[in-house]
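Shown next, in structure tokens, is the structure this report addresses.
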Amino acid sequence: MVSPLREVRRGLGLLALGLGSCRAPLATEPLRAAPPGTPPEDAGIAIRCGKLLTLDPEARIFDPGMLLLRDGKIAYVGKPIEVPGGYRIVDRPESWAWPGLVDLHSHVQSAGWWDTNDMVKPLNPEFRVRAALDPGEERLRVADAAGVTTLFGIPGSGTSISGFGVLYKTKRDAPYERMILRDPGGMKVAFNYNPQRGGGDLGSTWCGLSWNLENLNDRAANLARREGPADPALENLERVHRKELPVLIHCASAEGVAGSVRMWKDRYDTVCVVSHGDWDGHFAARFMAERGVPLNHGPRLMNFTTLRREEKILGTSKAFVDEGVPNFSLNTDAPVIPEEEFFLQGSMSARLGADPYQMLQALTIHPADSFMIGERVGSLEVGKDADVVLSSGDPLDPRSRVELVFIDGEIQYSRCDDGQVF
Amino acid sequence: MRHGILLGAAFALLGLGLDAQGTSAPEPGAPGGSGLALRAQKILVCSWDGPQVVDEGILLVRDGKIEDVGRARELAVPAGYQVLDVGERWLAPGFVELHCHEAGESLFSVNDLNDLVYLANPEMRASASVEPGNHSLQMGLAGGVTTVLYIPGSGSNIGGQGILLKTAFDTYEEKLVRNPGSMKLAQWGNPEAWAMGVGMAFENWNTRDTLRRGIEYAKRWEAHERGQGPEPERDLMFDVFRDLRKNEIAISTHTQVYQVVLMTLTMVHGEFGLPVFLDHSEIGGWLAAPIAEKMGVAAIVGPRSIDTPTRGFISWARNKHEGFRGLAAGWQELGETQIGFNTDSPIVPEEELHVQAAMGVHYGFVDDELQTLRGLTIIPARTARIDARVGSLERGKDADVLVVDGHPIDPRTTVWTVFVNGKRVYDAGRDGRRW
């Protein structure tokens, strides 16, 4: 497939990289005079933009494009049409529009590393990140200024099961109920490496880790087959076994990836997404593809061991995509990679050989689809949440600047009004 | 385009033939070989104050040097030159990296670079640890870096002498551009690890005292060379100051935070009159930009691209408390015109030098007149006093040329071919891509 972005990149002249302009700050933009009898001025927002990347199943791109946002949802996306009465018009003929980015592996919901990992017991299916979500966290403001609008905020990987994360929007100063996309959003599992604390307890080897997980999962699976919750601590894990909630699995290396797939897909048939998958994890890529298990890749995007052996850095994003892993997505593991550099994971994957458009999908619709929120976010389609980013250029190009960010149809960040965050 | 590929293929075969035979005639463009004419849609020249871009251009290479550059319809290709048409791809000068710690090879790649016995070691030479074929330099070459200043670390006040090297080639002699290539000064922010209790004021005094002694030594030689004094006793510790005083090399300075950058400018350059340039220059260092610009001192920023919005330790973000302050942008906004980028490799991998420029733009650096590419080429070359040889695609310079398929700083752009001294030292088509 010829990447639509590639064509655009060729056209990037030396002088076409100017700063986003503040010609038309929304706050002072004159409202269009509406004919008599039209609804009030706040009927919705009409965005007239340049290149519009829908990321929809047909990979449609409109240039110029238009979006109508109403009641927090997208009411129209496509070629410019006549703006219905009562809509405020955002006129950005030179801006690109694209869906807000979706990062499934993020730890910035609470200040720093604190409150992300209770490591008393190895299995904590009863824990909920809800208890530690801080809506005032400054890194959320930086994230939305970079066009990252949906996060799966999860506990760390210090224990085998560290709890249930929240899917939330990076809204500013919004209370819990307005941030949440789904809570619990899904479960976080750490399959190997980090949970091996080596304290002499059960779980310091992969054998113990696996036994721990299977022992608990068998109990939860049995409960899930019966009516009614019998164990409050397993309430959410039961929902995982009923395929109501997905699982994000921290793992690395080929045997870790393959082991995760065998346990969570083959044995328990959950909706699971393998996360990281680094080091030589790509050797298990075909196995993942055969089982239909998606990968959420990062923060590392390359295999080092190939460097000295083959004089070559292996771009692992490309390696996984080439083997046909479905819904390949990227992550930051923020704060490991700062949330505002999520786009750069796509750029650097492209640098290391992956197709730029597929990497754009890996930042948007693929993570959304793989985590059962594809009906809400990840692309610009009618009926989806109005999470829209306007930028001065290609989202994968570090030189582009995010100008305007809408979440649920509301402006969260405006470069003109809020200033440049970075 | 197809034309170009065919010629390229023929060229590749020729190259392989040469490799196999070893001692056969040098390849076109290389020293001793026939001429080479590179034809490209766009040539990014990057001259200091002349033309920056030639569209539909031709670059003539002979004996490892650039013979001429110009519009294809104005510049005739001499008879006997091999023409290589790269089609829609562009030509750019090889990148010049002024902060590299990885050209040797030992236990941890960089541990030959910092002897921490004394606090000032102007006599130590990085040239003692150069390893031709170094892995990091090979990766850098595939990323478009053709010249590096390989320098000692910042564990002591004066770490020693850097060396300017080409990233290509298998022998020290062929790699060498200039030795010494610089004197490495670390004013503050690492040398305090040398001993308990050493701080900003002591380091400042130690630097000042060493510079003073070095200059006195160099002056005695200068007097002798003018016939005004006896031949001084040779002192290897201070020999490098003779090169500095002749302005043949500069002091490469690990410097950061405003007050330390200020001392680099006003003390090292102003008071002692030594040629100097600023490395790192972060954590509010950009506030000294007006003084640096007035003195004509370059700032080669990196590996960090930003001042972070932390209020406690770093309060220099001023009115941008809650924002990131792009360092290159900060220097640029306050008037510095000589801004370059570095990796401090292996801190940032050598092959990601140009990503440093891209991130500079991401954080606000204005790139409307090729400032990014200039910051990777002519500005560092001039800063290291080697702009007569490298840094731009101009007549008489070394033929260090990149063939790229887009803007050279875009992370998605691929470097397809690298010529150094007119030799095709890396070719993604011939050698395979390195990532």
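The values are calculated or read from the model by the stated rules, or taken from the named source; none is laboratory data. Predicted model, so just to flag it, every value in this text is computed and none were measured. As a convention, Cβ positions derive from the backbone with ideal geometry for all residues, glycine included, and neighbour counts pool all protein chains shown. SASA here: full protein model, heavy atoms, side chains in, ligands and nucleic acids out. Shrake-Rupley method; radii C 1.70, N 1.55, O 1.52, S 1.80 Å.
Counting every alpha-carbon pair across segment B:211-266, the share separated by more than 15 Å comes to 56%. Derived value for segment A:123-262: Kirkwood hydrodynamic radius 16.2 Å. Basis is the mean of 1/r over every pair of different alpha-carbon atoms.
Of the GluC sites (Glu not before Pro) found in segment A:272-349, the ones in coil according to DSSP and having at most 14 other Cβ atoms within 10 Å of their Cβ are A:GLU311. Peptide B:404-414 has a mean of 6 when you count, residue by residue, the C-beta atoms of other protein chains within 10 Å of its C-beta.
Over the C-alpha trace of segment A:145-215, radius of gyration and Dmax come out as 15.9, 45 angstrom.
Across chain B, the relative contact order, built from alpha-carbon pairs under 8 Å that are at least six residues apart, equals 18 percent. Percent of C-alpha pairs per 10 Å bin in segment A:101-370, short distances first: 7, 31, 37, 21, 4, 0. Using a cutoff of 8 angstrom between alpha carbon atoms and counting only pairs six or more residues apart, the relative contact order for segment B:178-321 works out to 21 percent.
The convex hull defined by the C-alpha atoms of the protein assembly as shown has an orientation-averaged projected area of 41.1 nm².
The value of relative contact order for chain A, using C-alpha pairs under 8 Å at least six residues apart, is 18 percent. For chain B, the alpha carbon convex hull comes to 158 Å³ per residue, rounded to a whole number. Taking amide H positions as modeled 1.01 Å from N, with prolines and chain starts lacking one, the residues under 5 Å from A:THR364 and 5 or more places away or on another chain are A:VAL102. In plain terms, the C-alpha convex hull of segment B:348-403 casts an average shadow of 4.6 nm² when viewed from every direction. Across segment B:262-276, coupling constants 3J(HN,Hα) worked out from phi with the 6.51/-1.76/1.60 Karplus curve, θ = phi - 60°, read 4, 5, 4, 6, 7, 8, 5, 8, x, 6, 8, x, 8, x, 8 Hz, and Gly and Pro carry x. Ranked from largest, the principal axis spans of the Cα set of segment B:72-150 equal 61, 24, 22 Å. If you bin all the Cα-Cα distances of segment A:292-422 at 5 Å, starting from zero, the percentages per bin are 2, 10, 17, 21, 21, 15, 8, 4, 2, 1, 0. A 1.4 Å probe run over the protein chains yields, for segment A:101-370, 35 Å² of accessible area per residue, whole-number rounding. Based on the reciprocal of the average 1/r between different C-alpha atoms, the Kirkwood radius for segment B:38-191 equals 17.6 Å.
Summed over both chains, the contact between A and B buries some 3400 Å² of accessible surface at a probe radius of 1.4 Å. Residues whose amide H lies under 5 Å from that of B:ASP85, counting only those 5 or more places away or on a different chain, are B:ARG39; hydrogens are built 1.01 Å from N in the peptide plane.
Fraction of C-alpha pairs exceeding 17 angstrom in segment B:133-193: 47 percent, rounded to a whole number. Each residue of segment B:171-183 was assigned a 3J(HN,Hα) from its phi angle through the Karplus expression (A = 6.51, B = -1.76, C = 1.60, θ = phi - 60°), giving 10, 4, 4, 6, 6, 5, 9, 7, 9, x, x, 5, 10 Hz with x at Gly and Pro.
Sites listed here are GluC sites (Glu not before Pro) in segment B:74-167 whose DSSP assignment is loop and whose Cβ has at most 11 other Cβ atoms within 10 Å: B:GLU74.
Residues whose amide H lies under 5 Å from that of B:TYR426, counting only those 5 or more places away or on a different chain, are B:VAL418; hydrogens are built 1.01 Å from N in the peptide plane. Mean residue ellipticity, 222 nm, helices only, chain A: the sum of -39500 (n - 2.57) across DSSP H runs of n ≥ 4, divided by residue count and rounded to 500, is -6500 deg cm²/dmol.
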